[in-house]
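Taking it in order: structure first as structure tokens, then the write-up.
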Amino acid sequence: MTAFPIAPPVRALVRKELREYRHHRMIVLTATILPIVFLILPMANLALFDPDRSVGGTNLAVGQAMFCFFLSPVIIPATMAAFAVIGERDQGTLEPLLTLPLTDRQFLAGKVIAILIPTIGASFTIYTAYMLFVLLAVHGPVREPVLDWTWPMGFVLLAPALAAFSTLVGMAFSARAKDIRVAEHLSGLVLLPAMLPVMLVVTRTIPATPVTWLVFVTAIVVLDFLLWRMALRAFDRERAISAV
């Protein structure tokens with residue numbers, strides 16, 4: 001018995017999705033290579049940090065490193081979300097899937113959960129590895145700003161909300177687009193501008209305080225809820241199956 005019980009059909013769909021991800025090359029590459037890149041770049045940025053040559057000082061160096069981690073839960077779900085509906089349709093598996101005893105809510109919930117699990121897992125894993133690297137190997141003036149507790153707080157709060165936002169946007173385009181690449185490109189047009197508030201914080205245009213993070217996460221959660229409601233209203237089984 002879990003704190004948030006999930007209906008058996010949703011659990012079955014989640015298991016099915018997680019199994020099938022392993023057979024899709026682009027999804028595997030996205031879920032493995034991108035997290036590695038998002039980890040190596042911040043580590044290299046701090047390891048090579050030189051206060052005498054750095055433009056912007058330690059705050060900018062730390063902000064640049066953190067931006068990669070805030071970007072990871074936005075970029076990683078893109079391919080999986082774009083594949084969620086249109087990929088199933090292209091493979092001819094969408095119609096059989098929708099004939100199962102799944103409501104629209106359960107179908108969308110299963111797809112979203114199956115994307116959020118690897119996305120949040122990968123995002124938290126690389127951030128944990130980054131913090132361990134800082135504790136063990138980073139010294140000098142950049143160490144203290146990196147270990148400022150407000151950064152972990154912001155990441156833990158925002159990462160799941162950003163991942164849900166990216167997933168819901170990607171699935172919305174997946175349900176309407178005619179091609180996976182088109183769905184990915186359209187999602188990017190929406191997702192990257194949505195990172196502007198985070199950019200303002202990592203560049204210290206807006207201070208990285210608990211209040212700032214709470215305001216941001218509240219706004220994103222409200223937006224996620226609205227996107228979920230819109231997805232439920234917009235999802236059309238017949239159109240999803242017959243779109244060509």
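The values are calculated or read from the model by the stated rules, or taken from the named source; none is laboratory data. Small disclaimer: the values here were computed from a predicted structure and weren't measured. Cβ coordinates were reconstructed from backbone atoms using ideal geometry, including for glycine residues, and neighbour counts include every protein chain displayed. Each accessible area value is taken on the protein alone, full model and side chains, heavy atoms only, with ligands, DNA and RNA left out. Shrake-Rupley method; radii C 1.70, N 1.55, O 1.52, S 1.80 Å.
Estimated from the Cβ-Cβ distance and a Förster radius of 35 angstrom, the FRET efficiency linking residue 91 and residue 44 is about 0.35. Modelled label positions at residue 200 and residue 16, each set 7 Å beyond Cα in the direction of Cβ, lie 4.3 nm from each other.
Residue 218 to residue 98: extension gain in nm, 0.36 nm per residue of separation minus the Cα-Cα distance?
Separation in residues times 0.36 nm, less the Cα-Cα distance, equals 39.9 nm.
Over all directions, average the projected area of the Cα convex hull of region 107-181 and note it in nm².
That works out to 6.4 nm².
Sorted by accessible area with a 1.4 angstrom probe, largest first, how do 215, 14 fall? Intermediate values should be presented prior to the final figure.
Details: 215 85, 14 15 Å².
These residues rank, largest area first, as 215, 14.
For region 8-242, averaging the sequence separation of C-alpha pairs within contact (under 8 Å, six or more residues apart) and dividing by the residue count gives a relative contact order of 30 percent.
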